[in-house]
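Novice: Pasting a structure here, questions to come.
All of the numbers you see were taken from the coordinates with simple rules; none came from a lab. All values derive from a computational prediction rather than experimental measurement. All Cβ positions, glycine included, derive from the backbone under ideal geometry; neighbour counts span all protein chains shown.
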Amino acid sequence: MGNACFSCMNPKQKLKQNDVVRTPTICHTSNNSNTRPTPDFFPLVDTPSSSVRPDKNNSPALSFSFRDLATATHNFKESNLIGEGGFGKVFKGFLESGQIVAIKQLSHDGVQGSKEFLVEVLMLIMLWHRNLVSLIGFCMDGDERLLVYEYMSKGSLENHLFHVSTDKKALEWNTRMKIAVGAARGLEYLHNVANPPVIYRDLKSANILLDEDFNPKLSDFGLAKLAPVGDQTHVSTRVMGTYGYCAPDYAMSGKLTIKSDIYSFGVVLLELITGRRAYDASRVTGEQNLIAWSRPFLNDRRKFSQLADPLLQGRFPIRPFYQLTVITSMCLQEQPTHRPIISDVVIAIEHVASQPYIAEVDGRIDTPSRRSSPSSKPMMSSSDGIYSRN
């Protein structure tokens, strides 16, 4: 669709001062051979009080013993298991203070090693934003490596999009837009406020966690990298990430830029629109890769509506839906220079979210009380009365 432009989206100045809490910088190692080298990151003095981290007493991350965390999880009891991946397992835990936390225990033979563990600890100690998960503490006890995060009661976006059961309601359009806006703001903080900027490198629906009110927070920063500064155009690195979310230019060349994150965010937007996974081996050939399947629809405005998640049951505003599809298509441009910058994406998505879906029943505005009424009729119905994803 050519160069990224959101001329239809009421541009405005974005970055909010109260979004900034701490700014990370590079700390140079000492030339003194007797001085222990400092890590690439180093915590700074807090910024002014108007933008300090709103944690209790503004305390830094705590160091826990393995015994502390074993007690918190009832010896890592299976009933407390809330997640699992290549890195290891995540358990729900209860600290002595009564605080509920999520405890990630790295597997000894997992894909996330000591380097990634250290990167995540340092990143989350220095970065804070309402749309980034907060680090409560960590454990480096013998060969055990654990991270303690704030507990996100609704789990991941992935679970709510793709693990919809008969007793779990599918995400409504307005909730999806709330999640998209929050995730975009978190990414904007990493790209535009952190100094130097941070490339997330692992943006996917499984790493977007939700609190009780479906406020999203980005999590899992083990693969994050500092973005190039000055005359540098990219960071050359081993290709890491999740299949289906990686930008094609990064996957082919190993050249990482902040525009790599924009592509990944475009994939997440497409998942929100379609209800389909970035890659789903259970689907028929030709539909397994979400990007490949969606291209014919993204390239033809007349076919935009065919992208809509069937579980939305047609309950979404048409014009904002089309606008979001255009934004998504911009983010998914194969040439990184054609992808928009994150601040423009935030403005555009906020504009979409400012036009919520408001249902009408019998010609009247549908309210929560009316929706619960037995006499309320659905906005749309299929020929057999059942909506499902093919």
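Novice: Determine the shape class of region 61-150: with a ≥ b ≥ c the square roots of the Cα gyration tensor eigenvalues, call it rounded for a/c under 1.5, and otherwise prolate if a/b is greater than b/c, oblate otherwise. Walk me through the numbers on the way to the answer.
Specialist: Working: a/c = 1.43, a/b = 1.09, b/c = 1.30.
Rounded shape, in that the Cα axes give a/c under 1.5.
Novice: Please report the equivalent ellipsoid semi-axes of region 155-371, computed as sqrt(5 x eigenvalue) of the Cα gyration tensor, largest first, in whole Å.
Specialist: Details: eigenvalues 177, 70, 56 Å².
For region 155-371, the ellipsoid semi-axes come out as 30, 19, 17 Å.
Novice: Among the listed pairs Lys115/Lys154; Lys178/Lys204; Lys104/Lys154; Lys168/Lys259, which are separated by more than 24 Å between their Cα atoms?
Specialist: Numbers: Lys115/Lys154 29 Å; Lys178/Lys204 16 Å; Lys104/Lys154 17 Å; Lys168/Lys259 35 Å.
Beyond 24 Å: Lys115/Lys154; Lys168/Lys259.
Novice: Which length gain, in nm to one decimal place, applies between Glu78 and Ser343 when the Cα-Cα distance is subtracted from 0.36 nm times their residue separation? Provide the component values of the computation, followed by the final result.
Specialist: Working: separation 265, 0.36 × 265 = 95.40 nm, distance 4.19 nm.
Separation in residues times 0.36 nm, less the Cα-Cα distance, equals 91.2 nm.
Novice: Another question about this same structure. How about region 138-227: which trypsin sites (Lys or Arg not before Pro) there are in a DSSP loop, with at most 14 other Cβ atoms within 10 Å of their Cβ?
Specialist: In loop regions of region 138-227 (DSSP not H, G, I, E or B), the sparsely surrounded trypsin sites (Lys or Arg not before Pro) are Lys168, Lys169.
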